[in-house]
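Data first, discussion second: the structure below is written as structure tokens.
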Amino acid sequence: MDATSARSYTAKLIDGPLEGKTISTSFLTSGDPQPLLAIPAESGGKRFSYARTAGLEFAGESSELPTAVEYRYRETLFD
């Protein structure tokens, strides 16, 4: 994997109000996937909180960083 593609990955939302959707997000500076995501609702005034799970997908056997990570719904946060 080259340095450009290693800067982001696909977050797969596997349940909750955004079930089945995917978003692109960046790795932490440590190289780890984000532990939590807060995704703004389209209607505004609230965000959906998702937590990382153990589900990881890699581009190939030699890939060090995942290309996709699964996230589970936690709660709705109101602004």
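Read-outs throughout are calculated quantities, based only on the coordinates presented, and are distinct from any laboratory measurement. A quick note: this is a predicted structure, and the numbers were derived from the prediction, not measured. Using ideal geometry, Cβ is built from the backbone for each residue, glycine included, and neighbour counts are taken over all protein chains shown.
Among the GluC sites (Glu not before Pro) within the stretch 33-79, those in coil by DSSP and having at most 13 neighbouring Cβ atoms inside 10 Å are Glu42, Glu61, Glu64. Among the trypsin sites (Lys or Arg not before Pro) in the stretch 1-62, those located in a DSSP loop and surrounded by at most 16 other Cβ atoms within 10 Å of their own Cβ are Lys21. At full extension, Ser49 and Arg72 could sit 7.4 nm farther apart than now, given 0.36 nm per residue minus the alpha carbon distance. In this label model, Lys21 and Leu56 are separated by 2.6 nm, measuring between points 7 Å along each Cα→Cβ vector. With a Förster radius of 30 Å applied to the beta-carbon distance between Glu64 and Ala41, the computed FRET efficiency rounds to 0.30.
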